[in-house]
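Only the coordinates and a few stated rules stand behind these numbers; no lab work does. Since this is a predicted model, take the numbers as computed values, not measurements. Please note: Cβ atoms are built from the backbone with ideal geometry, for glycine as well, and neighbour counts cover all protein chains shown.
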Amino acid sequence: MERKKIFISHVTAEAEIAVALKGYLEVAIPDVTAFASSTDIALGSKWLTAIDDALDQASAVLVLCSSWSVQRRWINFETDAGWGQKKPVIPLCYGSMRTEDLPDLLQALQAVNVHNAADCELLIQKLCTAFGREPRTGTDYSEMA
């Protein structure tokens, strides 16, 4: 089975959330590797090249959307890059952000709220369906939320 790669677009200030999401995705979905620039770019690397390479290899782009992050240019840059490569780009709304509050560009994409266990389970199920996988049993979606 081919390993699928997910690019997690996030702002540096929210790196802890991106790293936690990366861990949950890799546990909940078989044969998936998630890329979060906060942990997956080696010291001394050309970080823009590493991001570009990770976007090229990604099967999907998840965009962490908070009321603060959606105002940052890098979120839009990575969203545009994924969209331009015709990859599924999925805004994940957390904190006080809701799908209906997304800015225009992100509202053009099918977004999902990830505020509770049911939301997180739905995200994992939809990603598994898209990748032709079955979610691992025993995933604690309440902890993920």
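Can you work out which of the residues in the range 95-133 that are charged (D, E, K, R) and farther than 25 Å from Ala13 by Cβ is surrounded by the fewest Cβ atoms within 10 Å (Cβ to Cβ)? Break it down stepwise before answering.
Taking the range 95-133 and keeping what is charged (D, E, K, R), we get 98, 100-101, 104, 119, 121, 126, 133.
Keeping just the survivors that are farther than 25 Å from Ala13 by Cβ gives 121, 126, 133.
Numbers: Glu121: 17, Lys126: 14, Arg133: 18.
Selected residue: Lys126.
Looking only at helices (runs of 4 or more DSSP H) that fall completely inside the range 5-99, which ones have 1 or more residues that are basic (Lys, Arg)? Working first, answer last.
Values: elements: 15-28, 37-40, 47-57, 73-84.
Filter on the range 5-99 gives 15-28, 73-84.
Going residue by residue through the range 41-59, is there one that turns out to be over 16 Å from the mean Cα position of the chain (by Cα), free of Cβ contacts under 8 Å to residues at least 40 places away in the same chain and surrounded by 16 or more Cβ atoms within 10 Å (Cβ to Cβ)?
yes
Of all residues in the range 62-89, count the ones that are under 21 Å from Ala145 (Cβ atoms) and buried (at least 20 other Cβ atoms within 10 Å of the Cβ). Write out each step before concluding.
Taking the range 62-89 as the starting set, the residues that turn out to be under 21 Å from Ala145 (Cβ atoms) are 62-70.
Among the residues that remain, those that are also buried (at least 20 other Cβ atoms within 10 Å of the Cβ) are: 62-66, 69-70.
Adding up the residues that qualify gives 7.
Pairs please, first residue from the range 101-123 and touching a residue at least 24 places away in the same chain (Cβ under 8 Å) and over 13 Å from Ser66 (Cβ atoms), second anywhere and exposed (fewer than 14 other Cβ atoms within 10 Å of the Cβ) and of a type in the set (S, T, N, Q), Cβ atoms under 7 Å, 6+ apart in sequence or on different chains.
Ala117/Ser142
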